[in-house]
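Where a number appears in this text, it was derived from the coordinates with a stated rule and is not lab data. From a predicted model like this one, the values you see are computed outputs, not experimental measurements. No Cβ is skipped: glycine too gets one built from the backbone with ideal geometry, and neighbour counts run over all protein chains shown.
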Amino acid sequence: MQKSGKDYSLLLVLPSGVYRYRFVVDGERRCLPDLPCETDAMGNAVNLLDVNDFVPESVESVAEFEAPPSPDSSYSFQAPEEKDFAKEPPALPSQLHLGVLNSQNSEESCARPQHIVLNHLFIEKGWGAHPLVALGLTHRFESKYVTVVLYKPIER
C-alpha cells in the first residue's frame, strides 16, 4: 500500500470478473454499506466490485469531423526557388561570432557567455603586424564560466 498524507492506496490490474473485498479497520473486518455488497457463506458482509473489459466506443457512432477547407490565399509559404539552393551556407553560424576572442572591450569579456559558444574551439589568426594564432575555449561548471585563451606565434 502507498501512503499519501492520511490516505493509503493500492493499484491492482485485475482481469474482468466479480471480486469480493472487505476493509480491516482497527483489527475488525468491515464493508462500506454505500457500495454494492452481499453476504458471503459465513454470514459476513462483503463489498462487490464488478470489473468489465474495456469496450471502446464504436467509431461509426461518432459523427465524422471534417474541418472546413481553408482558402489557398490564407497560406503565405513560398516554395524555395532553384537559386535559393545554389547559395553556399555561411562559413560560421552568426551566433558563433559572439565568442570571447571577438569581444572588443574588457567589459564584454566579463559578461556571461551565451550557451551557444560553450565547448566550441575558436581560432583567430594574425592581428595586424603580430603573426600569431589565438585559440579560445569557454566551459561552464555549475554557475561559473571558465575561458582559456592560448596565444601562439606563427612560425614561417
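Restricting attention to segment 110-156, which GluC sites (Glu not before Pro) occupy a DSSP loop and are surrounded by at most 11 other Cβ atoms within 10 Å?
Glu142, Glu155
Out of residues 5 or more away from Cys37 or on other chains, whose amide H comes under 5 Å of its own, with H placed 1.01 Å from N in the peptide plane?
Leu48
What is the Cα convex hull volume of segment 12-51 when expressed per residue in Å³?
86 Å³
What does the highest-first list of 129-140, 71-82, 19-30 look like by mean Cβ count within 10 Å?
Highest-to-lowest ranking by the protection proxy: 129-140, 19-30, 71-82.
On a C-alpha basis, how far is the centre of segment 74-89 from the centre of segment 12-44 in Å? Whole number, if you could?
Taking the Cα centre of each part, segment 74-89 and segment 12-44 sit 70 Å apart.
Subtract the Cα-Cα distance of Lys3 and His130 from 0.36 nm times their separation in residues, and report this length gain in nm to one decimal.
Length difference between fully extended and current span is 38.6 nm.
Residue separation times 0.36 nm, minus the C-alpha to C-alpha distance between Glu142 and Phe23: what's the value?
Contour length minus the Cα-Cα distance gives 37.7 nm.
So if I place +1 on the C-beta of Lys and Arg and -1 on the C-beta of Asp and Glu, and nothing else carries charge, what would the dipole magnitude of segment 12-51 be about its Cα centre? I want it in debye, nearest 20.
80 debye
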